[in-house]
Every structure is written in C-alpha cells, then in structure tokens.
Amino acid sequence: MALVYCVANQKGGVGKTTTVVNVGDYLTLRGYSVLVVDVDPQANATSSLGMREKGEGSPGSDRLTIYEVLINERPIGHAIRTTRRPRLHVVPSAPALAGAEVELVGLLGREMRLRRALAPILHYYDYILIDTPPSLGLLTVNALTASRNGVIIPVQCEYLALEGLSHLLHTIDLVRQHLNPQLKVAGVVLTMYDSRTRLSQEVVQEVRKFFQAGEVFQTIVPRNVRLSEAPSFGETIFTYAPESTGAMAYAALAEELLARAPQPVRERGGI
Ligand SMILES: Nc1ncnc2c1ncn2[C@@H]1O[C@H](COP(=O)(O)OP(=O)(O)OP(=O)(O)O)[C@@H](O)[C@H]1O
Ligand SMILES: [Mg+2]
C-alpha cells in the first residue's frame, strides 16, 4: 500500500518540484517504487523527469494526462508513463490543467477526485508523491485530500519566508476537518540555504520557532547550482551530480522521511 504525500506551499519557487523529483528518485535508488503525480499546470515535474515529448497531452494525442483523470474521470492507470528510472513512474501534467481549476468548480466531488483516482493503484507503488501548483485552489486541495500520509512543506530561506504559512496551515486544517481526517504536516523542509548569509540562519531559527519540535526536518537543503541545472537535462540530481551538496541533502532528506514514515506494505504485484 503506497504512502501518499504531497509537497505544497502556495508561494512560488520555494523548491516544491525540486523536492518531489529528487526525493522520488532517491527512493527508487533505495529500491522503492515511486509514482510522481504532477498536478501543476506548469508541468515542471513532468519535464524535469524528461517527459516533454512532442504532442504529448495536446488535442488529438491519445496519451492521457492528469487533466483527463481529474476532469473526465479517466482511469489514472492510462495516464501513467515510465521514465528512465525503472521504478519511477509519472502521471504527467499538461497546459490544459490551467483551466481545470475553473472546470472542477462545477463537478461532483470536486475536491475528492484525485484521492478517488489514486485508490485503485495504491497497491502498485511504495510511494506516491504529488507536486502542486503555487496556489491554494482546487488542484492543491485535491492533492491535500489525496495525501493519506501528510504534506511536506518546503520553505525557502529568504526574506518573508514565513509569510503565507498561516494561510497554508489554515487550509490544511480545513481539509483535515472536512475532507481528509488523516492529513498532517509530514515535515517542513528548509530550502536554498546559503550559509554565507545571516538571513538564511535567521530564517532557520524563525521557522524552528514557528513550528512544533520535530515538525521541521533536520536536513536543510543548501542553495546548489547543480540542483537548478539538472532539470534542463531531464535528469535528477542523482544522475546529474551525485557528488554535489544538493544530492547529499536530498538523500539525507529522503532518509529522514523513510525513518519517520511507517514502512510501505508491499502487496500483490508491485512494480
Ligand atoms: N536548493 C536549490 N539550490 C539552487 N536552486 C534551486 C534549489 N531548489 C530549487 N532551485 C531552483 O529554483 C527554482 C524554483 O524551484 P522549484 O521549481 O523546485 O520551486 P517550486 O516551488 O516548484 O516552484 P513553483 O511554485 O513555480 O512550482 C528552479 O529553477 C529550481 O531549479
Ligand atoms: Mg513547481
């Protein structure tokens, strides 16, 4: 039975996609099977995993994306693609998803669609990681509702890092009350830390004060240019620069997640 997490923060550019892709890849290196589900219309996780084939997801293409899964209730199994990594699969996003936020409003069970879509495939993966857009609209609410094991919140070590976090935590509370009673903060991860600046150090202290003990991952992801270069080659940090500080940080973060999480239960026919 897969453990399901989403990575969310309505602030843009804080490291959500980088976290999904690299934690996901590291978990496959540790022998787990992982499905990345991209519910961001920007499709950055999709392209980071080398998935931007010509015509994919465009009208006339018979390859399904998360859009058809959420809006037309097409089976998610038909949207799953393989990647270069044998145990790493992805449900791609597509630009059409930008309209889904509005289209979902009128649909039955609009907040539950992703959770329902994932139910039949939970047995086939150890981990399902959902990448979300920088907003708290229905796409992110779907991701939070589907996240049986919690939400991972990346916080960038920069000015106003805590801004908006109360709003995010309030949304998490509402989803817990009304849609997903199991929802919890699986952990807050500090990203883009620059040890040369006092500001970075201050943000770490502030964030550790703001959250309860144990809620913030010990691992801090440093600013590392290799992490920003890897996606343009369709690679993760572990193939692009396995010796980099970025790779070491994401390995340590994934190990912390493994240590905190209940172990995934392998059932029939995992990949
Ligand atoms: N630790 C890091 N060091 C250096 N660059 C990073 C790091 N983490 C992420 N980046 C880069 O910063 C940018 C934003 O990161 P990313 O796309 O992961 O954020 P995001 O929260 O998913 O953004 P969005 O809200 O737009 O989806 C990207 O160009 C990424 O490559
Ligand atoms: Mg992103």
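The values are calculated or read from the model by the stated rules, or taken from the named source; none is laboratory data. Quick caveat: nothing in here was measured; it's all calculated off a predicted structure. Here the Cβ is made from the backbone with ideal geometry for all residues, glycine too, and neighbour counts use every protein chain on show.
Taken over the range 231-248, the criterion of being over 17 Å from the mean Cα position of the chain (by Cα) and near ligand 1 (Cβ under 8 Å from one of its atoms) is satisfied by 246 alone. Within the range 190-204, the residues that satisfy the criterion of being surrounded by fewer than 17 Cβ atoms within 10 Å (Cβ to Cβ) and either among the hydroxyl-bearing types (Ser, Thr, Tyr) or closer than 12 Å to residue 14 by Cβ (or both) are 195, 197.
Sort out which residues of the range 1-33 are of a type in the set (Gly, Ala, Ser), in contact with a strand residue (DSSP E or B) (Cβ under 9 Å, 6 or more places away or on another chain) and farther than 19 Å from residue 87 by Cβ, and write them in order of number. Result: 8, 13, 15.
Say whether the condition of being assigned to a helix (DSSP H, G or I), modelled with pLDDT of 95 or more, touching a strand residue (DSSP E or B) at 6+ places or on another chain (Cβ under 7 Å) and closer than 25 Å to residue 128 by Cβ is met by at least one residue in the range 170-183. Among the residues of the range 170-183, at least one is assigned to a helix (DSSP H, G or I), modelled with pLDDT of 95 or more, touching a strand residue (DSSP E or B) at 6+ places or on another chain (Cβ under 7 Å) and closer than 25 Å to residue 128 by Cβ, which makes the answer yes. Only one of the numbered conditions (1) farther than 15 Å from residue 37 by Cα; (2) free of Cβ contacts under 8 Å to residues at least 24 places away in the same chain is violated by residue 171, and that is (2).
Conditions tested, residue by residue: (1) of a type in the set (Gly, Ala, Ser); (2) more than 13 Å from ligand 2 (Cβ to nearest atom); (3) closer than 25 Å to residue 156 by Cβ.
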site: 4; (1), (2), (3): no, yes, yes
site: 8; (1), (2), (3): yes, no, yes
site: 13; (1), (2), (3): yes, no, yes
site: 16; (1), (2), (3): no, no, yes
site: 19; (1), (2), (3): no, no, yes
site: 29; (1), (2), (3): no, yes, no
site: 38; (1), (2), (3): no, no, yes
site: 64; (1), (2), (3): no, yes, no
site: 92; (1), (2), (3): no, yes, no
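Against the condition within 19 Å of residue 40 (Cβ to Cβ), within 16 Å of ligand 2 (Cβ to nearest atom) and in contact with a strand residue (DSSP E or B) (Cβ under 6 Å, 6 or more places away or on another chain), how does residue 132 come out, does it pass? Yes; evaluated as a whole, the condition is true for this residue.
Note on the range 122-138: residues that are of a type in the set (A, V, I, L, M) and touching a helix residue (DSSP H, G or I) at 6+ places or on another chain (Cβ under 6 Å) total 4. Within the bounds of the range 230-245, is there any residue that is modelled with pLDDT under 95 and either among the small types (Gly, Ala, Ser) or more than 25 Å from residue 46 (Cα to Cα) (or both)? Yes. With the condition kept exactly as written, say whether any residue in the range 231-254 is within 16 Å of ligand 2 (Cβ to nearest atom), over 20 Å from residue 5 (Cα atoms) and surrounded by fewer than 20 Cβ atoms within 10 Å (Cβ to Cβ). Yes, because at least one residue in the range 231-254 is within 16 Å of ligand 2 (Cβ to nearest atom), over 20 Å from residue 5 (Cα atoms) and surrounded by fewer than 20 Cβ atoms within 10 Å (Cβ to Cβ). Screening the candidates 193, 250, 240 for the property of being in contact with a helix residue (DSSP H, G or I) (Cβ under 6 Å, 6 or more places away or on another chain) and over 24 Å from residue 90 (Cβ atoms) yields one hit, 193. Restricting the first member to the range 188-200 and to residues that are under 19 Å from residue 215 (Cβ atoms) and in contact (Cβ under 8 Å) with a residue 40 or more places away in the chain, and the second to residues that are part of a helix (DSSP H, G or I) and away from ligand 2 (no atom under 16 Å from the Cβ), the beta-carbon pairs closer than 8 Å and six or more apart or on different chains are 189/253.
Pick from 216, 207, 189: which is under 21 Å from residue 147 (Cα atoms) and away from ligand 2 (no atom under 16 Å from the Cβ)?
216
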